[in-house]
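S.K.: To start, I am sharing the structure in question, which I have written as structure tokens.
The values are calculated or read from the model by the stated rules, or taken from the named source; none is laboratory data. Note that the structure is predicted; figures quoted are calculated from it, not measured. Note: ideal-geometry Cβ built from the backbone for every residue, glycine included; neighbour counts use all protein chains shown. The protein model used for the area step is the full one, side chains on, heavy atoms only, and it has no ligands, DNA or RNA in it. Shrake-Rupley method; radii C 1.70, N 1.55, O 1.52, S 1.80 Å.
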Amino acid sequence: MTGSQLATQASLGEPRLERRLRLRPSYVRMVEEVTALRLHPELRPIDRSSPRDHGLPLGPVLLLLVALTTAAALLA
């Protein structure tokens, strides 16, 4: 992979910095990838992913954080 290909595929996750460095925004790449997967089903992975690859569910963590914040606000 050449340097220019690496630069176009790099994702910083910070829109302002991506614009400043003239990289394609991450949301544009995401739309292109989803569109390609919709139009070309043969590109979709056929193997099932393991639960370890799914990442950490943030729902319980956020619920705990909201509950602690609410309790701290009520007790203060």
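S.K.: Which residues, taken from region 57-69, are open to solvent by 70 Å² or more (accessible area, probe 1.4 Å) and assigned to a helix (DSSP H, G or I)?
M.R.: Start the filter on region 57-69 by keeping residues that are open to solvent by 70 Å² or more (accessible area, probe 1.4 Å), which leaves 57-58, 60-66, 68-69.
Once the filter is applied, which keeps residues that are open to solvent by 70 Å² or more (accessible area, probe 1.4 Å) and assigned to a helix (DSSP H, G or I), region 57-69 yields 60, 61, 62, 63, 64, 65, 66, 68, 69.
S.K.: Could you give every pair whose Cβ atoms fall below 8 Å, whose first residue belongs to region 51-76 and is touching a residue at least 12 places away in the same chain (Cβ under 8 Å), and whose second residue is in a loop (DSSP other than H, G, I, E, B) and open to solvent by 90 Å² or more (accessible area, probe 1.4 Å), counting only separations of at least 6 or pairs across chains?
M.R.: Listed pairs, sorted by first residue: none to list.
S.K.: Let me ask something else about it. So which residues in region 27-56 are modelled with pLDDT of 90 or more, within 19 Å of the chain's Cα centre (by Cα) and open to solvent by less than 100 Å² (accessible area, probe 1.4 Å), if there are any at all?
M.R.: Matches in region 27-56: 31, 32, 34, 35, 36, 37.
S.K.: Output the residues belonging to region 1-18 that are open to solvent by 100 Å² or more (accessible area, probe 1.4 Å) and either among the hydroxyl-bearing types (Ser, Thr, Tyr) or modelled with pLDDT of 80 or more (or both).
M.R.: Restricting attention to region 1-18, the residues satisfying the condition of being open to solvent by 100 Å² or more (accessible area, probe 1.4 Å) are 1, 6, 9, 16.
Correct list: 16 only.
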